[in-house]
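What follows is a set of notes on a single structure, which appears directly below.
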Amino acid sequence: MVTEEIRKKARILRDKIADADYKYYVLAEPDIDDYKYDMLFKELSDLEKQFPELVTPDSPTQRVSGAPAKEFRTIEHRIPMLSLSNSYNFEELNDFDSRVRNILGGEKYEYACELKFDGIAVSLVYENGRLISAATRGDGFKGDDITQNIKTIRSIPLNFPDAKISDAEVRGEVFIKKDDFLRINQQQEAKGGKLFANARNTAAGTLKLKDSRQVAGRPLNFFAYYIFTSQARLSTHLDGISLLKKLKFPVNAKYACAKNIDEVKKFCDSVEAERDGLPYEIDGVVVKVNSLTQQETLGTVSRSPRWAIAYKFKAKEAVTKLEKIVLQVGRTGAVTPVAIMQPVFLAGSTISRATLHNFDEIKRKDIREGDYVKIEKGGDVIPKVTEVLKDKRSPGSKPYPLPKVCPVCGHKLEKPEDEVYYYCVNYECPAQNIGRFIHFVGRNSMEIEGLGESILETFIGRGYLKDVSDIYRLKDHRDELIELEGFGEKSIDNILEGIEGSKKKPFDKVLFGLGIRHVGERVAKVLSDAFGDIDALRSASLEEIRSVNEIGPKIAESIHAYLNDRRSSALIERLREAGICLKKEKSASVASNENFKGRTFVLTGTLEKYRREQAQELIESGGGKVSSSVSKKTDYVLAGADPGSKLDKAKSLGVKVIDESEFEKML
Ligand code: IVH
């Protein structure tokens, strides 16, 4: 029997979890640690398991639930989801303003200005205080039912905290942050999966996944920008925004009320200046007449409201001629087609090359040499070919042929059946060889500074480097190296010093540096944690490797094959002789450190010795937390060179500010 007391207990647990989610995902100011959170969650799931009748659709345990959907139901929007008309310059904004002024006939009016998020518009319906459905925009009148997938987004409230509002429709944008997009694509690439063109497509693709468990693993975010409800007296758009905040929705902090169109323009300029530094993609500013009565007076024409307009930033898109396609061979032997284009200037830089990723992409987009193509630059600054202008194609053009031999060594290419890449399987291929060296010395592997591509090429050409273990023998050739043209004692000693320093790199970096196919940074870390050292990993069976969490069959096979290969075994022995770390060590910084334990840090500015991720790793391994914004709960702000507004905020709140040397003392 479920007693009132048990019900109450479940309610309290749910409220606590919802509150923790809000503080973590919306305010970015968590006030309980992961362990406490997990305990609350476990307590609630145990209780619900014991008394299944307690489970409500808005319980946090239901964020990921249910069997994968076969297909999406359609949901009709109660109020159509309109689109916005666009403007591309200030004259067009003036025209919009004149139309508004004419229709309002001398009334005073003001504008609400917001960011135009480049994501996917969704509508969330709440009834009796609970989220009951969520839909995509679809054709504006009806969209796909994506309720289960939306529920996985933990910044979206599953219920309303305010009893006064129980029924409402909330609209906003689901998006993926720029760096998360890059990471997802790296993972896709490592798996040999399909690449997403940009963060927006990734968000769209994720929302359309049939299995909400898979969605839960993708970092979706949400900003709300609209609420319809008859239960609150709202007179302006910005009243709606305030209500959304009160209902604990994530609302972007950057918006403004503009008294006139000149103030709107100022807002547009300031946003455009900040655009590249934002962690998510925006493609403009949305300008809305603030008064809801005036919105009604202005009305709608052909599916766009007359009371709103999008001011779109200058296109990060250009058209150019694709002169030829060249083939690059990477360290794993994967052959990547690269477009060589007539140089064009696009969003701050001149572009003449863009990766075409693989031959499936070329085929799918039917990209041919001599075509005119559209190129786009996302917030990640990597240019992509997005479209072929087929009407500009010359009549004689032919589809790009699939490659048969390696463009570098002439060896026959092979294509594994379940992959999109063609591989040169000649281990001695010079392109693969230099690729292995570049990867090994790279920032995320052994991080040997001063040993760049051209120096590596010189040393390889002179016979000093056959495999990466030879890097550690360069010191035996110091006298010869300093005599090489373009080098001297100082430069060689710097390089040698960098090489010696890299011996301190932890095992997982070494493992990543080996460049085993499908072993990215994350997998290397997982393997290092699971096996502890190279010998345990080497003697593990395929089954044992495969049974490690996060390691799929393809990855396992690749690792197993690599470690059982004679050549790699010999390489590993040479690395061991050179004194490279082949064992996971519990270094001082990994152990919990009283100076960090339970403390919240905020990082701002650039540190001299540590990259942001490194500093974060050190703080976290000492038992501390890193938060993205300063609040009263912040214990320390670690400020480097050129600190941002976080430093001012810290000072105004009286939060302790430390510099790099104080940070090192704490370490
Ligand atoms: S208001 C009629 N506000 O832009 C009002 N839309 O072209 C339309 N969007 O489908 C929505 N940021 O995906 C509004 N701050 C914002 C927005 C925004 C992005 C998108 C939304 C919509 C499209 C309209």
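Below are the figures for this structure:
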quantity: Failed condition for ARG99, given (1) of a type outside the set (A, V, I, L, M, F, W, C); (2) within 16 Å of the ligand (Cβ to nearest atom); (3) within 29 Å of the chain's Cα centre (by Cα); calculated: (3)
quantity: Residue that is modelled with the highest pLDDT, among those in the range 588-632 that are loosely packed, with under 14 Cβ neighbours inside 10 Å and among the basic types (Lys, Arg); calculated: LYS632
quantity: Qualifying residues in the range 80-91 (those that are over 8 Å from ILE309 (Cβ atoms) and within 16 Å of the ligand (Cβ to nearest atom)) - the one modelled with the lowest pLDDT; calculated: TYR88
quantity: Residue count for the range 53-87, restricted to those that are farther than 14 Å from LYS151 by Cα and in contact with a strand residue (DSSP E or B) (Cβ under 8 Å, 6 or more places away or on another chain); calculated: 15
quantity: Identity of the residue in the range 261-296, of a type in the set (Ser, Thr, Tyr) and surrounded by 17 or more Cβ atoms within 10 Å (Cβ to Cβ), that ends up farthest from PRO383 (Cα to Cα); calculated: SER291
quantity: Check on GLY106, at pLDDT below 95, assigned to a loop (DSSP other than H, G, I, E, B), within 16 Å of the ligand (Cβ to nearest atom) and surrounded by fewer than 21 Cβ atoms within 10 Å (Cβ to Cβ); calculated: no
quantity: Cross-chain or 6+ apart pairs with Cβ under 7 Å, the range 384-413 first and among the aromatic types (Phe, Trp, Tyr), then outside any loop (DSSP other than H, G, I, E, B); calculated: TYR400/ILE325; TYR400/ILE362
quantity: Residue match in the range 286-302 (condition: at positive phi, within 11 Å of the ligand (Cβ to nearest atom) and assigned to a strand (DSSP E or B)); calculated: no
quantity: In the range 48-72, the residues that are surrounded by fewer than 13 Cβ atoms within 10 Å (Cβ to Cβ) and modelled with pLDDT of 90 or more; calculated: LYS49, GLN50, PRO52, GLU53
quantity: Residue count for the range 109-134, restricted to those that are farther than 30 Å from ARG275 by Cβ, crowded, with 23+ Cβ neighbours inside 10 Å and of a type in the set (A, V, I, L, M, F, W, C); calculated: 0
quantity: The range 109-123, residues that are touching a residue at least 60 places away in the same chain (Cβ under 8 Å) and within 16 Å of the ligand (Cβ to nearest atom); calculated: TYR111, ALA112, CYS113, GLU114, LEU115, LYS116, PHE117, ASP118, GLY119, ILE120, VAL122
quantity: Test: residue in the range 38-47 that is surrounded by 12 or more Cβ atoms within 10 Å (Cβ to Cβ) and either part of a loop (DSSP other than H, G, I, E, B) or within 16 Å of the ligand (Cβ to nearest atom) (or both); calculated: no
quantity: Whichever residue in the range 186-245 is open to solvent by 40 Å² or more (accessible area, probe 1.4 Å) and acidic (Asp, Glu) and, among such residues, is farthest from the ligand (Cβ to nearest atom); calculated: GLU189
quantity: Hits in the range 414-426 - residues which are farther than 17 Å from VAL338 by Cα and under 33 Å from the mean Cα position of the chain (by Cα); calculated: GLU414, LYS415, PRO416, GLU417, ASP418, GLU419, VAL425
quantity: Condition check for PHE175: more than 15 Å from the ligand (Cβ to nearest atom), on the phi < 0 side of the Ramachandran plot and under 16 Å from the mean Cα position of the chain (by Cα); calculated: no
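The values are calculated or read from the model by the stated rules, or taken from the named source; none is laboratory data. Predicted, not measured: the structure shown is a model, and the values here were computed from it. We place every Cβ from the backbone using ideal geometry, glycine too, and count neighbours over all the protein chains shown. The protein model used for the area step is the full one, side chains on, heavy atoms only, and it has no ligands, DNA or RNA in it. Shrake-Rupley method; radii C 1.70, N 1.55, O 1.52, S 1.80 Å.
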